[in-house]
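Asks: This is the structure I want to talk about, given as structure tokens.
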Amino acid sequence: MRKPLRPASALCVLPLLIGLVGHPVYAVSATPSPVMLANVYHPGVALGDYWVSEKYDGVRGYWDGEKLLSRSGAVIPAPAWFTANWPRTPMDGELWAGRGQFELASGTVRQQPASDEAWRHIRYMVFDVPGQPGTFDQRIPVLQRQVARLDLPWVQAVRQFKVADEAELKRRMDDVVRGGGEGLVLHRGASLYHAGRNGDLLKFKPYDDAEAKVVGYAPGKGKYDGMMGALLVEMPDGTRFRIGTGFTDEQRRNPPPVGSLVTYRYQGTTAGCKPRFARFMRTHEEL
């Protein structure tokens with residue numbers, strides 16, 4: 001069993017190494033989108049209570065009935081044709097360019113003005129309809145009818161299925177990962193839609209991931225001389241650690257700005273409650 005996180009007063013604070021300066025801090029909306037967020041799956045969950053679907057590695061898109069928003073609440077500048085005739089009620093989904101194509105999805109969503117050509121490669125994978133009453137069991141057929149009525153090839157209802165046991169769940173996850181996917185999501189059938197992180201939504205992947213705030217840089221050495229060698233990041237509880245792998249050369253030349261959030265993957269924690277084998281994945285929140 002993992003040890004509890006240490007209080008901030010007991011932290012060993014690393015020195016702040018600013019090797020690169022002048023980067024603007026990402027703008028963050030004052031009103032994040034009211035989306036459900038997943039906790040991590042753990043064995044022993046009553047799987048019969050949950051629907052299972054693929055976890056799409058794209059950009060979260062919340063349709064509020066009028067505009068498409070990122071998880072942070074920023075307006076996503078999608079072309080007018082992409083959201084034309086969408087319902088006046090909310091939809092929650094992922095803007096996805098295919099397995100292993102996160103950078104394409106992220107770059108397309110960021111681009112202003114929107115590129116019609118780039119957006120032709122994006123699909124909106126709808127996994128919930130927050131504005132509908134009732135449980136997830138009851139919302140699934142409503143979602144499917146709503147997407148069917150739209151009859152747009154770039155708007156698709158995420159397929160939900162059941163598994164018999166943990167062995168089948170693991171096989172399904174392995175199949176998705178072998179095919180280049182990220183993992184699975186489990187959604188409790190009896191749950192109402194409510195914003196925030198909770199056990200009604202669970203993610204199941206072959207590794208852990210989390211978010212941390214960039215607070216500084218360690219300069220590179222050897223072939224990375226003159227570039228960023230590692231990010232110094234801070235967890236929500238104040239714990240600081242370095243992330244030194246997972247970056248492209250371009251990301252080392254232009255690292256995420258101080259104050260921004262990054263997503264990293266890791267394999268368990270050390271005795272000091274720091275992530276083991278932390279590896280950079282991407283900047284968090286694409287707008």
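Asks: Could you tell me whether region 138-157 includes any residue that is assigned to a helix (DSSP H, G or I), touching a helix residue (DSSP H, G or I) at 6+ places or on another chain (Cβ under 8 Å), in the same structural domain as Gly183 (by TED's automatic domain parsing) and within 29 Å of Met173 (Cβ to Cβ)? Explain how you work it out, then say what you get.
Replies: First, pick out the residues of region 138-157 that are assigned to a helix (DSSP H, G or I): 138-150.
Now narrow it down to the ones that are touching a helix residue (DSSP H, G or I) at 6+ places or on another chain (Cβ under 8 Å): none.
The answer is no; no qualifying residue exists.
Asks: Do we have any residue at all in region 75-97 that's assigned to a loop (DSSP other than H, G, I, E, B), within 23 Å of Val214 (Cα to Cα) and in contact (Cβ under 8 Å) with a residue 60 or more places away in the chain?
Replies: no
Asks: Is it the case that region 255-273 has a residue that's among the charged types (D, E, K, R), over 30 Å from Ala167 (Cβ atoms), in contact (Cβ under 8 Å) with a residue 24 or more places away in the chain and touching an Asp or Glu at 6+ places or on another chain (Cβ under 8 Å)?
Replies: Among the residues of region 255-273, not one is among the charged types (D, E, K, R), over 30 Å from Ala167 (Cβ atoms), in contact (Cβ under 8 Å) with a residue 24 or more places away in the chain and touching an Asp or Glu at 6+ places or on another chain (Cβ under 8 Å), which makes the answer no.
Asks: Check Arg88, Arg99 and return the single one that is among the basic types (Lys, Arg) and under 22 Å from the mean Cα position of the chain (by Cα).
Replies: Being among the basic types (Lys, Arg) and under 22 Å from the mean Cα position of the chain (by Cα) holds for just one of Arg88, Arg99, which is Arg99.
Asks: Of Gly189, Gly180, which residue is loosely packed, with under 12 Cβ neighbours inside 10 Å and under 30 Å from Pro32 (Cβ atoms)?
Replies: The unique qualifying residue is Gly180.
Asks: Would you mind telling me which numbered condition in (1) out of contact with any Asp or Glu (no Cβ under 6 Å at 6 or more places or on another chain); (2) modelled with pLDDT of 95 or more Glu103 fails?
Replies: Single failed check for Glu103: (2).
Asks: Would you tally the residues in region 195-214 being crowded, with 18+ Cβ neighbours inside 10 Å and part of a loop (DSSP other than H, G, I, E, B)?
Replies: Matching residues across region 195-214 total 1.
Asks: Still on this structure, please answer the following. So which of Leu186, Leu201 ends up being among the aliphatic types (A, V, I, L, M) and in contact with a helix residue (DSSP H, G or I) (Cβ under 8 Å, 6 or more places away or on another chain)?
Replies: Leu186
Asks: What residue, of Ser53, Ser70, is in contact with a helix residue (DSSP H, G or I) (Cβ under 9 Å, 6 or more places away or on another chain), surrounded by 15 or more Cβ atoms within 10 Å (Cβ to Cβ) and of a type in the set (Ser, Thr, Tyr)?
Replies: Only one candidate passes the filter, namely Ser70.
Asks: Checking Glu117 against (1) without any contact (Cβ under 8 Å) to a residue 12 or more places away in the chain; (2) in contact with a Gly (Cβ under 9 Å, 6 or more places away or on another chain), which test does it fail?
Replies: It fails just one condition, (2).
Asks: Scanning for something within 24 Å of Gly189 (Cβ to Cβ), part of a strand (DSSP E or B) and modelled with pLDDT of 95 or more, does region 108-123 turn up at least one residue?
Replies: no
Asks: OK, next. Being under 29 Å from Val40 (Cα atoms), loosely packed, with under 12 Cβ neighbours inside 10 Å and touching a residue at least 60 places away in the same chain (Cβ under 8 Å), is that true of even one residue in region 137-147?
Replies: No, region 137-147 contains no residue that is under 29 Å from Val40 (Cα atoms), loosely packed, with under 12 Cβ neighbours inside 10 Å and touching a residue at least 60 places away in the same chain (Cβ under 8 Å).
Asks: Let me ask something else about it. Got a number for residues in region 265-280 being under 22 Å from Lys223 (Cβ atoms) and crowded, with 17+ Cβ neighbours inside 10 Å?
Replies: At the first step, the residues of region 265-280 found to be under 22 Å from Lys223 (Cβ atoms) are 277-280.
Next cut, crowded, with 17+ Cβ neighbours inside 10 Å only: 278, 280.
The number of residues fulfilling the criteria is 2.
The values are calculated or read from the model by the stated rules, or taken from the named source; none is laboratory data. These figures come from a predicted structure and were not determined experimentally. Using ideal geometry, Cβ is built from the backbone for each residue, glycine included, and neighbour counts are taken over all protein chains shown.
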